[in-house]
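Engineer: Encoded as structure tokens, here's the structure I'll be asking about.
All of the numbers you see were taken from the coordinates with simple rules; none came from a lab. Everything numeric in this text was worked out from a predicted model, so none of it was measured. With ideal geometry, Cβ positions are generated from the backbone for all residues, glycine too; neighbour counts draw on all protein chains shown.
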Amino acid sequence: MRRLFDQIHNLDEEELLILKKRVEITIIVMVTFIAILVVRLWYLQIHEGEKYADMALNNRVRQLQIVAPRGNILDRHNRIIISNRPLFNILWTRDDAKDPDLVLKKMAEILQEDISDVLARIRMVGNHPKFVPIRLKEDVAWETVAFVENHRLELPGIRIEAVPSRKYNYNNLASHLLGYLAEINIRELKNKSSTLYMGGDQIGKMGLEKIFDAQLRGEKGQRLFEVDVHGLEQQQLKLTEPLPGHDLQLTIDLDLQQVAEKEMAGKAGAVIAMDVKTGGLLVLASAPSLNLEEFIGGISQQSWDKMVHDPLKPLLDKTIQGQYPPGSTYKIVTALAGLMEGVITPETTYDCPGYFTLHGHRYGCWKRWGHGKDINLEKALAESCDVFFYHIGQEVGVDKLAIYAKSLGLGEKSGIILENEKAGLVPTKEWKKRKKNESWQQGETVSVSIGQGFNLTTPLQITRMTAAIANGGTLYTPQIVLAIKDQDGATLQEFPPQESGQAFTTARALKLINKGLVAAVNGEHPTGGSAKMETIMVAGKTGTAQVVRLEHYSETEVEDVPNRFRDHAWFTCYAPAENPEIAVTVLNEHGGHGGSAAAPIAKAVLEAYFNKKNAEPSSAQ
Amino acid sequence: MFQFDRRLFQNFDWVLLGLVALIGAMCLANLYSAMPDTFRGTPVYLKQLYFFIMGFALILLIISVDYRILVEFNYTLYGAVICLLLFSSLFSSGLAGTSRWIDLGFFKLQPSEPAKLMLVITLASYYFRKDTGKGFTLKELFVPLMLAGLPFALIVSQPDLGTALMLAFIFISMTLFVKLRWSTLVTLIGTAFLTAGIGWQYLLKPYQRQRIETFLNPGSDSLGSGYHIIQSKIAVGSGRTFGKGYLQGTQGNLDFLPERHTDFAFSIWAEEWGFFGSLFFFAVYFFLIFWGLNIALSSRDKFGTLLCIGVVSLIFWQAFINLAMVMGLLPVVGMPLPLFSYGGSSLLTTMAGIGILMSVRMRRYQAPV
């Protein structure tokens, strides 16, 4: 048998030609396939190159937002009311952990939680890349942070994240005014500039935190860094430091605000103190206050419901949103109208038998047995004689009363920067026709002239009115922010006092009213006697706003009337009477009589003000 | 037979050697960029350099022997490789659930690699002996089909889909080259489709099936199997016209690209050298392929031609499938880019194939003794 090797022979011409043809076909096939590769290469690198270059960049570059420290909120003497504190969160990165179950078990122990709760939270985050950290727990105690830091090596994948958060140095002080922060919602996100606001940001939801959010929040910083496939940082590419937010210096005086809120503890109502020469608010307190800490990290539905259904209505800012009949404080308006319209003079007197008769109907004075004969303006204001003012009301008429009321800032928004201010109501004949399609009854003027009936005012309006009476008739726009400062304390923007109108007064009329108001605190039978101070002359007016007129309770002592049927107690005053500096108004919801339930609170604020002024004559204005 | 003719040296294929050296240089440079160092001993580019040196030694050994001797020993070779495959299936250490390697101490032999070359030699011998010139009938194809089928089955069971597919491609390429009857061709194509269908249902492992599904819709699983395809496309695409520059690729250096020294080595090249650098690579690489076809034509005998066709198709199909995979045109299968991907078994097998080409080239004027 021939060896196979020997069978191999050289090809002849014909065989060569056949092979050549086949190789040619092979070449065509190969060239086709190579062409496919080249076209694909061109498509990926040239045609789609930019897209893939972007994707490569996104692959490796991570962007980290650095939250800017939010500006502080200061009182008028630069004492910090709200500052920042770091909020510590526990982060867990699945990728870093060799034995994730063990680490989680340990963490659950440290957090004193059930492991199933921890796992449930992780599951809630859902499907996401392994290298993205999950927040295991927010706002952990400082001790926990220290423990975790000390046991770092036993807890691979666990990290502590520090996020700036609000610190309320005086708990819930001025809570309605200051407001709170919460995570931005979709609606807000749509309306705000997308360069400054991002999902997950904290944003002011109420009060000054909301109104001045843009100034307080500062500008976020940014860190660009390169990561490998495990998300581990390789190098920092770029760092933009955050710009801290600006501080807000308020007109509020911490000491006075604290006194006012302490006095209002357990009550509902409002306390306001205003610098009569500038309109700056030294106190703006609404009771009960809100628990601001509860709002950090989002308030629970339970707490929210509780607040909504609380009869003391903590959610309502009673200083600007609460509308109450002004009661006898309105007698200032009636007195002014009477003097200005020439209906009364200081010598004018009326008798008060305890009632006033109009068209056969008797309108009682609060003093059922009457104030006696020959009551003049001073005595009428001092003892709050209703009958005297019924007479003026009838002479002047409701529309004239309204003109003076409005010139004192009632029935319109004061223009304070806060949101949702209510305008109150000053009734006129035209108003009633328009609103109720009824003509004005003369008897209604009687009610209006002592601040009952349709009249509605906010405590801030009453304060502004009193301040105007005190300062010679100038209405100021109530001011709450003195200045915006940078974090070094340099003033960036100042808010000067803003005059917004002039009351229809004369010096003579004001002097007469002043005399009556001084007597109302310091006179022989003063209604506001409990606001009397030893060294400082206080001028003031009590008010008792009827909530409902129930004959049933007319003989009953205040304490025995169910709370919701009790009258609102008003007291508005200014001091020193001869050269006024400060106006204080107190509204004690369902407190009963102004003289007993509101005037002492006003006195406490005044005392705090003047004590402080005497102690440090330089710092208090 | 072993006498060394002076003409042999005169006819030495310097072009082919130069091409291999050039691709080798690109390979080493690329490996240096892909994995400049390793925490476990010798860096891969150095290891690959050693394999290249061994490869050149292997070439020297092969060209010193007349390739025609292979026609005598092909069944011996065949038997030896089948034994290796059986051995690896039975005893080798499972790496990632597969049993492809035999640990030889200094390196892990992957017997499925020499199996490719073994099939080339076996088929070349068989077709050389049986060729009638009129085209094969289905009946006549039975024996070569069995010859290819046995290693194919063993490698599929390892499981190594890529290499098994490669055997099929070699079989088809060489069989088509020796000419089939039309009826045979039609029957074969029909059977192929049928087998593919059955294979999808019963033969493929779940992960293999998933790879193909992922390929068809890579976005659906961007952190799982689709990850390879997407990251590789990002690497290639982001190279754009001129590339990011040597050693400047980010996809590889930051670990985004998996298997970047083996199957996805070309992604690194394309990222760093861009479109023009890649075209240059293609030019060199495919010039080598066409040069192989040129050698096939220059052979004085049919056995040499068939051997060359087999070796060229072996290199070409691996290269095409690898490149198409890297550029997202084909699903991810384990398939190295010959001479360019890191890996001793693949490199030595390819170098042996190059040695056969050179041997054929050198003996183009030499009649069988």
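Engineer: Taking neighbour counts of Cβ atoms within 10 Å as a proxy for exposure, in what order, fewest first, do A:S116, A:S414 appear?
Structural biologist: Listed from fewest to most nearby Cβ atoms, that is A:S116, A:S414.
Engineer: For A:L250, which sequence-distant residues (separation of 5 or more, or a different chain) have an amide H within less than 5 Å of its own amide H, given hydrogens modelled in the peptide plane?
Structural biologist: Residues meeting the amide H criterion: A:L74, A:D75, A:R76, A:L482.
Engineer: Right, next: Membrane-span-like helices in chain B: DSSP H runs reaching 27 Å or more (Cα, own axis), mean Kyte hydropathy at least -0.5?
Structural biologist: B:14-34, B:44-63, B:70-91, B:265-298, B:302-326
Engineer: Rounded to the nearest 0.05, what FRET efficiency do B:L22 and B:Y365 give with R0 = 22 Å and r taken as the Cβ-Cβ distance? Could you check?
Structural biologist: Step by step, r from the Cβ atoms, then E = 0.25.
Engineer: Hey, another quick one. Using the basic label-point model (7 angstrom from Cα toward the beta carbon), what is the A:R368 to A:D399 distance in nanometres?
Structural biologist: 3.9 nm
Engineer: Most exposed first by the Cβ proxy, i.e. fewest other Cβ within 10 Å, how do A:H309, A:H151 rank?
Structural biologist: A:H309, A:H151
Engineer: Working only with C-alpha atoms, what are the Rg and Dmax values of region A:63-250, expressed in angstrom?
Structural biologist: 18.8, 55
Engineer: Run the count for region B:6-362, please: Lys pairs, Cα-Cα under 19 angstrom, 8 or more apart or on different chains.
Structural biologist: Lysine pairs meeting both conditions in region B:6-362 amount to 10.
Engineer: Please find the FRET efficiency linking A:Q234 to A:L492, where r is the Cβ-Cβ separation and R0 is fixed at 35 Å, and quote it to the nearest 0.05.
Structural biologist: It comes to 0.30.
Engineer: Pop out the ³J(HN,Hα) list for region A:214-221 in order, Karplus 6.51 cos²θ - 1.76 cosθ + 1.60 with θ = phi - 60°, rounded to Hz; leave Gly and Pro as x.
Structural biologist: 4, 7, 6, 6, x, 10, 5, x
Engineer: Shifting gears a bit: Around A:R85, which amide H atoms from residues at least 5 apart in sequence, or from another chain, sit under 5 Å from its own amide H, with H modelled in the peptide plane?
Structural biologist: A:S165, A:R166, A:K167
Engineer: Using a 7 Å offset from the Cα along the Cα-to-Cβ direction at both A:A214 and A:T345, what is the distance between the two label points in nm, to one decimal?
Structural biologist: 5.8 nm
Engineer: Within a 10 angstrom radius of each residue's Cβ in B:250-261, how many Cβ atoms of other chains show up on average? Whole number is fine.
Structural biologist: Shielding by partners across B:250-261 averages 4.
Engineer: By how many nm would the segment from A:E15 to A:V145 grow when fully extended, if each residue of separation counts as 0.36 nm and the alpha-carbon distance is taken off?
Structural biologist: 38.2 nm
Engineer: Could you name the aspartates and glutamates whose alpha carbon sits less than 14 Å from that of A:K21, not counting residues in the same chain fewer than 8 places away?
Structural biologist: Cα-Cα hits under 14 Å: A:E13.
Engineer: For an R0 of 22 angstrom, estimate the FRET efficiency from the Cβ-Cβ distance between B:F242 and A:N58 and round to the nearest 0.05.
Structural biologist: The calculated FRET efficiency here is 0.55.
Engineer: Still on this structure: What is the set of long-range amide H partners of A:M533 at a cut-off below 5 Å, with H atoms built 1.01 Å from backbone N?
Structural biologist: Residues meeting the criterion, in which the H sits 1.01 Å from N, are A:V538.
Engineer: Please list, in order along region B:240-257, the HN-Hα scalar couplings obtained from phi with the Karplus expression 6.51 cos²θ - 1.76 cosθ + 1.60 (θ = phi - 60°), rounded to whole Hz, x for Gly and Pro.
Structural biologist: For region B:240-257, the Karplus curve yields 6, 5, 10, x, 8, x, 4, 6, 9, x, 9, 4, x, 5, 9, 6, 5, 8 Hz.
Engineer: In chain A, which whole DSSP H runs stretch at least 30 Å along their own axis (Cα) and average -1.0 or higher on the Kyte-Doolittle scale?
Structural biologist: A:13-42
Engineer: Right, next: Calculate, in nm to one decimal, what A:E24 and A:R159 gain on full extension: separation in residues at 0.36 nm each, minus their alpha carbon distance.
Structural biologist: Here the answer is 42.0 nm.
Engineer: List the GluC sites (Glu not before Pro) within region A:307-388 that DSSP assigns to loop and that have no more than 10 neighbouring Cβ atoms inside 10 Å.
Structural biologist: Filter output for region A:307-388: A:E347.
Engineer: For region A:60-95, list residues with backbone N below 20 Å from a point placed 7 Å from the Cα of A:N611 toward its Cβ?
Structural biologist: Only A:76-77, A:79 pass the distance filter.
Engineer: Let me ask something additional. Below 26 Å, Cα to Cα, which lysines can A:K190 reach? Residues fewer than 8 away in the same chain don't count.
Structural biologist: A:K205, A:K210, A:K220
Engineer: Just to confirm the filter: which GluC sites (Glu not before Pro) across region A:34-124 are DSSP coil and have at most 16 other Cβ within 10 angstrom of their Cβ?
Structural biologist: A:E113
Engineer: Just rank A:E241, A:E15, fewest to most, by other beta-carbon atoms within 10 angstrom.
Structural biologist: A:E241, A:E15
Engineer: Could I ask something else about it? Quick check: residue separation of A:I46 and A:R135 times 0.36 nm, minus the Cα distance between them. What number comes out in nm?
Structural biologist: 27.8 nm
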